[in-house]
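Report on one structure; see the data block that follows.
We did not get these values from a lab; they are worked out from the coordinates using the rules stated. Keep in mind the model is a prediction, meaning the values are calculated, not measured. Positions of Cβ are generated from backbone atoms using ideal geometry, with glycine treated the same way; all protein chains shown enter the neighbour counts.
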Amino acid sequence: MEFGPHLMLAMLEGLVQASVLTLTALGLSLVFGVMRVVNVAHGEFFMLGAVLAWWVTSMIGGSAMFGFAIAIIVVPLLVGLLAAIADWLILRRVEYDPERTIVATIGLLYIIQQVTLMTYGPDAHPVPPPFNTRLSLPWFEFGANGFEIYFPWGLSTTSYKLFVIGAAIITCLGLWFIMSRSKLGLILRATQLDSETAQAFGIPVERVYALVFGMGAALAALGAVLVVPIQQAHYLMGADPLLLSFIVVIIGGLGSLRGTVVAAILIGMSDGVISVFFSPTLAKILATLLVVMVLIYRPNGLFGARTT
Amino acid sequence: MNKPLVLHLGLIALLIVLQFVLPVYHHGVLARVLVMATYAMGYNILFGYTGLLSLGHAMFFAAGLYGMGLSVQHLGLSVGPAFLIGILASALLSLAVGLLALRTIGVAFMIVTLMFSQTIFLTILYFNSITRGDEGFVIQQSVRQIGRLDLSDPSTRYFSALALFAIVLLAVLWLVRSPTGRVLIAIRENEPRAKMLGYDTWRYKLAAIVMSGTVAGTAGAAYGVLFGYVGASFAQVPYSIFPLLWVLLGGAGTVMGPLVGTLFMFYLIDLSSAVTDAYMLVVGVVLVLLTMFARNGLMGVVRERWLKWLP
Amino acid sequence: MAAVNLLSTRAICKEYGGLKAVQNVDFDLPKGEVRALIGPNGAGKTTFVSMLCGRISVSSGVIEFEGRDVTALPAHKRISLGIAYTFQITSIFNNLTAYENVAIAVQGRLGNATNTLDAQTINALTRVGLESRSDQTAGDLAYGHQRLLEIAMGLGQKPKLLILDEPTQGLSDSEINEFKALIRDISKETTILLIEHNIDVVMSLADRITVLNFGEIIAEGTPDEIHTNAKVQLAYLGG
């Protein structure tokens, strides 16, 4: 394939990855924004989303479409609930102290990962996509006969991948709507700005935190459910999304949802493109170094909240 | 009577005696524990005494390990000089990382150390041709000799590990009771106050990072020399989490804590892995319980309840 | 001969965004004086003093200590030149003993020559009356004793200039009387700058008083002069 179409293919694949990354990173960003804690177990909630999706679709017979439809609703709710319980039992106890939360969520990471290993096993299992029509994509050229459109062999995507991108967009819009227009969003933003005052106004801060922690995990799980028909479900699959979400949230600015979305698209796309044309390892090296530089020289990220 | 010194010398004596008393299987485990406890003691200097939580110490361990290993493999050096190069490599890396990471505080510091460590790990993988990447490489038994001492012999290996441990233990004991150690503790307790007492806290923190990283690297180099294997797994995130776990369990900010924690976890994991593949579950549960209920760790509780003078 | 100025500022300003917390302050503190800095809440006293000891940077202006320009010097360097500062909100090492708290302060000046560390630490604790509590954990001390501990830490540094930020806040009357006696004792060897709201303390301790309002000096003089100054009365009564 020539360079042009190849690049477009890489960008499309990148866009799919970016969509999933956006959802996952939004979950992490929401938790940090409102609760001011870093959840190291975030990748494991992602992994749980994928594993539970496999479990649900295997349990429910019938068509792939039906099983998937159930999974996409039920699984994020389940994972969210689990996360909320973890917050209530553990994080509340350590009083959301930054250092203790990191240690506790590291512990949680191992617990979730290993329990999955014990029950689901060490193998990867696929989940069939609900629909998967191959769509050839056109490419343009100014050739000998003037402006031409043709369909290069290999330049294609699937209807499912487009669905993933669409689902991510809809979720983002939904989240934006909730945060800016609904009463829940108002409560969340108030708690983020000043939890003590919020409490004085009767907002049950600890319950809000449990809800937020659950929402963060649910978003990651949703991203995983979307990606699992493309990728397989494996008990170690949480590590990469965790690292990438971290990178996205920091570069986008801790506490800024808008920054997270922009950074996720940029990083998801460039990770995809660099991985295709160079090596994935190199892409990751560049990404981690970028995070370091941002933290050191622009600690507020691109859009970060101006808090010290 | 210098109670702390006597206590710690007593510990070393006990460890010498164990060599003659324990079955051979345990020699190997204990030798490993002693090297890892040295790593943990290095970590404790920064975390337990200065109050800085690094999530990337594996990079320092790996710097020592690979500095030594690559010198043997590619420069043809014998283990003695190679060991020193390993130490030097980790010292330089910790200086570089310290200079950059100290521009951040709190959570950002933790993330920066994590990211640097990831970068080192990925770099090891990337330069596959030199480092053999994930697979790693072996340091032949024939190379692991110093003079007439065969370092792969279980007894020699044990005593070498013990010698390393003992030297670092006594050095840390001296450090934490010295004026410098007191300043590090002051920084941990209340940095703004320490600054307003005239201390250049940045310089002290940098020194702590370099000391901590160098001890970690020394343990790494020693591990390669004594156990003959150099691999990228030691540069990965779990090996940054382990020293945190060991120190928290044994008692952050105590000199003997790291050994206690390392020993405990080693045997706990040994027992668990006999039962299930998912033995890391134990690590997870212990971490959660520790940070929820027992932040002072085992020796911390001992110090609080019974031995107030325990350093 | 005019008294030597230990500390001087020229046109010191501190701005936060558009807010001028301190404006154009010229301040001279002669050696050996006990100077009180008073003013209504929000007048800029703590901001001014924080600039003096280097906790916050100046927006513009010059600070001189013993004739030397220290404006750009970081806090810890100024401390080692001989300035000691006690925080408005008690800031001690809560988990260390009273002895260890003062020892760290003393060590800061002694560096590695620590053979007199113990003697000087005990001395500082004794002067404030805490020697019997030297093994107590600082966080467990009563509030008044914690304030005294901070002063002991200041003493341990044997400073040329001791800056006290609202030291009597929260103290009982008897504790305040003991405090006054202590300061009179210390003032024999140390220049003292005192931020205070307690006018009785100010009147009985200060050689001179500087009055700050809205970031500017509105009056300066002896206690009697200030007492009768119309501008000062206005500032405190509002309007």
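Key figures
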quantity	calculated
Max mean-square fluctuation residue, GNM over chain C, Cα-Cα springs under 10 Å, options C:98, C:152, C:75	C:75
Likely footprinting exposure, A:293, B:196, A:237, fewest C-beta neighbours within 10 Å first	A:293, A:237, B:196
Sequence of A:267, A:85, A:170, C:195 once ranked by neighbouring C-beta atoms within 10 Å, starting from the fewest	A:170, A:85, C:195, A:267
For B:109-115, mean number of other protein chain Cβ atoms within 10 Å	6
Highest-MSF residue in chain C out of C:225, C:66, C:166 [GNM, Cα springs under 10 Å]	C:225
Chain A: angle of helix A:257-277 to the longest principal axis, Cα-based, in degrees nearest 10	40 degrees
Residue-count net charge about residue A:191 - beta-carbon cut-off 15 Å; Lys, Arg +1, Asp, Glu -1	+1
Gaussian network model of chain B, Cα within-10 Å springs - most flexible of B:70, B:84, B:18	B:18
Environment charge of residue B:157, counting only residues whose C-beta is closer than 11 Å and scoring Lys/Arg +1, Asp/Glu -1	0
Nearest-ten-degree value, helix A:280-297 long axis tilted from longest Cα axis of chain A	40 degrees
Cα long-axis angle, helix A:239-252 against chain A (0 to 90 degrees, to the nearest 10)	80 degrees
Fewest-first ranking of C:214, A:45, using other Cβ atoms within 10 Å as the exposure measure	C:214, A:45
Separation of the residue B:75 and residue A:134 label points, Cα + 7 Å toward Cβ, nm	5.4 nm
Förster-model FRET efficiency, 22 Å R0, residue C:20 and residue A:196, C-beta, rounded to 0.05	0.15
Candidate lysines - alpha carbon under 24 Å from residue C:180, same-chain residues fewer than 8 apart omitted	C:31, C:45, C:158, C:160, C:188
Environment charge of residue A:155, counting only residues whose C-beta is closer than 15 Å and scoring Lys/Arg +1, Asp/Glu -1	-2
